[in-house]
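S.K.: Below is a structure I'd like to ask you about.
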Amino acid sequence: MRVNEIFYSLQGEGHFTGTPAIFIRLAGCNLRCGFCDTDHRAFCELSEEDIMQAVAPYPARHVVVTGGEPMLQLTPSLVERLHRAGKFVQVETNGTVPAADALAVDWYTCSPKFDFCPDAPLRLQSVDELKVVYCGQPMEPYDGIAAKVYSLQPCDCSDAARNAELLAAAIAYVEAHPRWTLSLQTHKLLHLR
């Protein structure tokens, strides 16, 4: 697998914010969103055994497989090995790649990108958390997506004034639509990896 990095930190966004987690960041994506925080050019080819050895020293049970788009590489056998090691497996995906039937992931966080990429239809069949990167776009396209948790996350535009506007707009939206919760990128606020 092409692995960008494996590291230990706190989950910085979404439903599991603040949870100690081992991050497996895979390189490569079928989309190219301007706000992506993954350097897709930097990666190492690692076997599943290499990945398990890299995960083993960390005390957390929670593993976050992210990217890029992890569904392009994640295998049922790696998920099974993580489960055998007592891990809870969360996948952060854009939802454009359907999950294999044998992929027994514990929690899917889906962040659709059809507002940012013209050819990014939602193909994931089961979503635990719907996390929308919010830039003030109409939210009606998300109304029909069933999830356990709905998270609205203001987009980080790398512009303080614009970020403040988007944060205020996201707060107003959540207040008016209480099935949504506000998701902040707390790892950036706290300068965590």
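S.K.: Could you run through segment 158-186 and say how many residues are surrounded by 14 or more Cβ atoms within 10 Å (Cβ to Cβ) and either closer than 20 Å to C110 by Cα or touching a His at 6+ places or on another chain (Cβ under 8 Å) (or both)?
M.R.: So the count comes out to 10.
S.K.: Here's something else I'd like to know. Quick check on this structure: which one of L103, L124 is under 14 Å from the mean Cα position of the chain (by Cα), among the hydrophobic types (A, V, I, L, M, F, W, C), closer than 23 Å to I145 by Cα and crowded, with 17+ Cβ neighbours inside 10 Å?
M.R.: Details: L103 fails: under 14 Å from the mean Cα position of the chain (by Cα).
Exactly one residue qualifies, and that residue is L124.
S.K.: Pull up segment 50-84, narrow it to residues that are among the small types (G, A, S) and not in a helix (DSSP H, G or I), then point me to the one that is surrounded by the most Cβ atoms within 10 Å (Cβ to Cβ). First the steps, then the outcome.
M.R.: Residues of segment 50-84 among the small types (G, A, S): 54, 56, 60, 67-68, 77.
Narrowing further to those that are not in a helix (DSSP H, G or I): 56, 60, 67-68.
Values: A56: 9, A60: 18, G67: 26, G68: 24.
It comes out as G67.
S.K.: Scan segment 145-154 and give yes if some residue there is of a type outside the set (A, V, I, L, M, F, W, C), more than 17 Å from C117 (Cα to Cα) and in a loop (DSSP other than H, G, I, E, B), otherwise no.
M.R.: So far as segment 145-154 goes, yes, one or more of its residues are of a type outside the set (A, V, I, L, M, F, W, C), more than 17 Å from C117 (Cα to Cα) and in a loop (DSSP other than H, G, I, E, B).
S.K.: I want to confirm something. Restricting to segment 85-100 and keeping residues that are assigned to a loop (DSSP other than H, G, I, E, B) and over 14 Å from the mean Cα position of the chain (by Cα), which single residue is surrounded by the fewest Cβ atoms within 10 Å (Cβ to Cβ)? Quick ask: steps written out before the conclusion?
M.R.: Looking only at segment 85-100, we keep the residues that are assigned to a loop (DSSP other than H, G, I, E, B), and these are 85-87, 94-100.
Subset that is over 14 Å from the mean Cα position of the chain (by Cα): 85-87, 98-100.
Details: A85: 12, G86: 7, K87: 20, P98: 13, A99: 19, A100: 13.
So, considering only residues that are assigned to a loop (DSSP other than H, G, I, E, B) and over 14 Å from the mean Cα position of the chain (by Cα), the one surrounded by the fewest Cβ atoms within 10 Å (Cβ to Cβ) is G86.
A short reminder: the numbers here are calculations on the coordinates, not readings from a lab. Quick caveat: nothing in here was measured; it's all calculated off a predicted structure. With ideal geometry, Cβ positions are generated from the backbone for all residues, glycine too; neighbour counts draw on all protein chains shown.
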